[in-house]
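What follows is a set of notes on a single structure, which appears directly below.
The values are calculated or read from the model by the stated rules, or taken from the named source; none is laboratory data. None of these values were measured; they are calculated from a predicted model. Neighbour counts are summed over all protein chains in view; Cβ atoms, including those assigned to glycine, are modelled from backbone coordinates with ideal geometry.
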Amino acid sequence: MSRNLGWLSFLFLSNLLAAQPINREALVKRHTVKVNKLDSLSSLSVGNGNFAFTVDVTGMQSFPDAYAKGVPLGTQSAWGWHSFPNTENLNRNDALKTYTLEGKQISYMVQPKEPERARKTVEYFRVNPHRLQLGNVGMEIKKKDGTLAGPADIKDINQQLNMWTGIIHSKFTVEGVPVEVFTACDEFQEAVAFRILSPLLNQQRISVRLRFPYPNGQFKDVGNNWGRDEQHQSTALAFRDNGLLIRRTLDSTAYRVNTFWTGSSQWKQAGPHYFLLTPAMVKQNSWEVVVNFCQLTKKEAGSFALISKSSKAFWKRFWNSGGAVDFSGSTDSRAFELERRVILSQYLTRIQCASAYPPQETGLTYNSWYGKPHLEMHWWHAAHYAQWGRPQLLERSLDWYFNVADKARAIAKRQGFEGLRWQKMTDHSGEETPSSVGAFLIWQQPHFIYMAEQLYRQKKDPAVLKKYSQLLFETAEFMASFPTKDPVTQKYNLGKGLIPAQECFDAVQTYNPTYELAYWSWALEVAQQWRIRTGLPRQEKWDYIIKKLAPLPQLNGVYLAAANTPDCYTPGSKYLTDHPAVLGAYSTIPAANGLDTAVMNKTYDIVLKMWDWKETWGWDYPLMAMTAARLHRPEDAVNALLMPVRTNTYLVNGHNYQDERLTIYLPGNGGLLNAVALMCTGADADKEINIGFPKDGTWKVRWEGLKKMF
């Protein structure tokens, strides 16, 4: 009897503990980022979604060249863009090339090398417009001999990023003298504030440096192009005892940099784009500086106290909203690392990927692909906001599609299709960027339907239907008009004339990729449900395409990458590299277009065995984890998320590292959050929770506030 009572008591206490809300502050703070050496891959960022500022171990951007090959010390905003002058009046249409595909003449904006004008057009419009590095704000510290301290002079480093407050606290010494810096970002403005404490201040051995680079016009811009002084202007427009206003002009781009400080300080212009602020005298060895980057209006950004208070309130609201996942109590040695990645990915995507625009893959840190967003990656950047109970952050960038719909509509019309064909590589204005790969991608097309459906599921509000239905229906119109009827099978094929998510395919030869076929079918059915919800009948043509869409291609009980690749699993095949997108047919979406889970299980096994994991990308591992979770293979789900591969590396600052070119890769962070949410909640078809975690007792998974995936 007593034994039974003891067991019941244990169950009662266990259930009571499970019902306790997660201590979110403790959860976040146990993953406070700690840096104790100068490492170019360990730079830290503050930001608010529209603006991010990345610092080195000094808490400022003191050594940008030393970090240029790591995670660069960028200063970028949602509004900061620039174009070099189009002196030759180049026209995007000169990059168009017409292809004969399935009996149709279709023009694509690709990358022709001839004639010369077409080549110049491609070069110009791939580079322009590009995201702008707004400026560098660093410290200059004089040593006893009067020379400037370099990276090797920074000793006794103790830097921490407290994600609960969003404030970076940096401590170090120079020649044995302590220096301490607090760094905070305002919740609303593109303003960063610093509190500097050091005996060196009253010796006038610490100055704050404002330096402005010029865009380098390259694929990657890390903000340290200090040449070409004559091609931009940095003009001191107004100043007073505690402020300096600098007007920046680069061709047709203009913005202002407002700087404020405490106490009496001096400033001087040390070069065309180089300003130094030095305190004359400070109290208690403390000096505060606020730098506000803004468009043409002059703004008072406030004090360090106000900005740090704003940061603390902002992050407390964020962490107490939406979902949380707690792995404490797990005995699997990888649990703490996965929890760290989850916390840091939430922080990084909030500051880098939460503006009113789809972000670039390196967020607001440095330019990759010239700073341009890629719409097939928008899902990976933003869909997790809905899964984590923060749909308002998804809605911000989803509304951008209204602004660019006319250009998407024009692409579809030019190619002879109906509706809207969403851009791939684009810019904030929605212009199409010439790309011999991007022009043929189609898997960005259903993303809009997916994300709009996420918002509706969260809100169950007719206003969501009213707001997005027109764009959603036009998105589906293109999808229904794109397939072509196969005269032999009488089925409707996707292609020829496409490149799937796995980009190592010839567009002219490729048709019926497995992932796109499943996604196409699923999204068209969702569009039909939207018609019913809005009081409209099902669209007959869409139903016909859904019914007649080509089946998922398979051979010997395994799904193929595409119908034209029966040899895709041959050892050494080029189709065993890049994204294992065939698994995507049962990752972000439920079974569609006749998907057979037994076949997908076998496909997962062969991919796991044969894939060249050295040639992959960061979001491939969350994709695999989601597929494994849906297949109820929890060990494989965890193994995928934590596979020890270079492109699945997460740095001390939480960034997903790819290679020397892409030292950060935010689609990996966003994908991780989606995968963990699905592994916890299960999908609609699941009757149990925590489907993605082993049931052997090694994982203790507590979560709250997460939403189910479809």
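Looking at K548, is it among the basic types (K, R), more than 16 Å from T489 (Cβ to Cβ) and either over 33 Å from the mean Cα position of the chain (by Cα) or surrounded by 12 or more Cβ atoms within 10 Å (Cβ to Cβ) (or both)? The answer is no for K548. Of all residues in region 531-556, those satisfying the criterion of being over 25 Å from D506 (Cα atoms) and assigned to a loop (DSSP other than H, G, I, E, B) are T534, G535, L536, P537, R538, Q539. Can you say whether S107 is of a type in the set (S, T, N, Q), modelled with pLDDT of 95 or more and in contact with a strand residue (DSSP E or B) (Cβ under 9 Å, 6 or more places away or on another chain), as far as the supplied structure shows? For S107, the condition - of a type in the set (S, T, N, Q), modelled with pLDDT of 95 or more and in contact with a strand residue (DSSP E or B) (Cβ under 9 Å, 6 or more places away or on another chain) - is met. Just one of the numbered conditions (1) within 25 Å of Q387 (Cβ to Cβ); (2) in contact with a Leu (Cβ under 7 Å, 6 or more places away or on another chain); (3) not in a loop (DSSP other than H, G, I, E, B) is not true of K467: (2). Within region 669-679, is there a residue that is farther than 17 Å from M709 by Cα, among the aliphatic types (A, V, I, L, M) and either surrounded by fewer than 21 Cβ atoms within 10 Å (Cβ to Cβ) or out of contact with any Pro (no Cβ under 6 Å at 6 or more places or on another chain) (or both)? For region 669-679, residues farther than 17 Å from M709 by Cα, among the aliphatic types (A, V, I, L, M) and either surrounded by fewer than 21 Cβ atoms within 10 Å (Cβ to Cβ) or out of contact with any Pro (no Cβ under 6 Å at 6 or more places or on another chain) (or both): absent.
Counting only helices (runs of 4 or more DSSP H) that fall entirely inside region 330-434 and contain at least 1 residues that are β-branched (V, I, T) and surrounded by 19 or more Cβ atoms within 10 Å (Cβ to Cβ), the qualifying elements are 335-352, 400-414.
Note on region 556-603: residues that are hydrophobic (A, V, I, L, M, F, W, C) and out of contact with any helix residue (DSSP H, G or I) (no Cβ under 9 Å at 6 or more places or on another chain) amount to 2.
Looking across A625, A598, A637, one residue alone is surrounded by fewer than 24 Cβ atoms within 10 Å (Cβ to Cβ), among the hydrophobic types (A, V, I, L, M, F, W, C) and part of a helix (DSSP H, G or I). It is A598.
Scanning region 670-688 turns up one or more residues that are closer than 12 Å to G618 by Cβ and either among the aliphatic types (A, V, I, L, M) or part of a loop (DSSP other than H, G, I, E, B) (or both). Taking residues in region 216-233 that are assigned to a helix (DSSP H, G or I), and partners anywhere that are surrounded by fewer than 18 Cβ atoms within 10 Å (Cβ to Cβ), the pairs with Cβ atoms closer than 7 Å and at least 6 places apart or on different chains are D229/P272. Of the residues making up region 244-269, those that are part of a strand (DSSP E or B) and under 30 Å from P129 (Cβ atoms) number 15. Within region 227-271, the residues that satisfy the criterion of being surrounded by fewer than 18 Cβ atoms within 10 Å (Cβ to Cβ), under 26 Å from D65 (Cα atoms) and small (G, A, S) are G227, A236, A254, A270, G271. When residues in region 3-58 are screened for being assigned to a helix (DSSP H, G or I), at pLDDT 50 or above and either surrounded by 14 or more Cβ atoms within 10 Å (Cβ to Cβ) or not charged (D, E, K, R) (or both), 8 of them pass.
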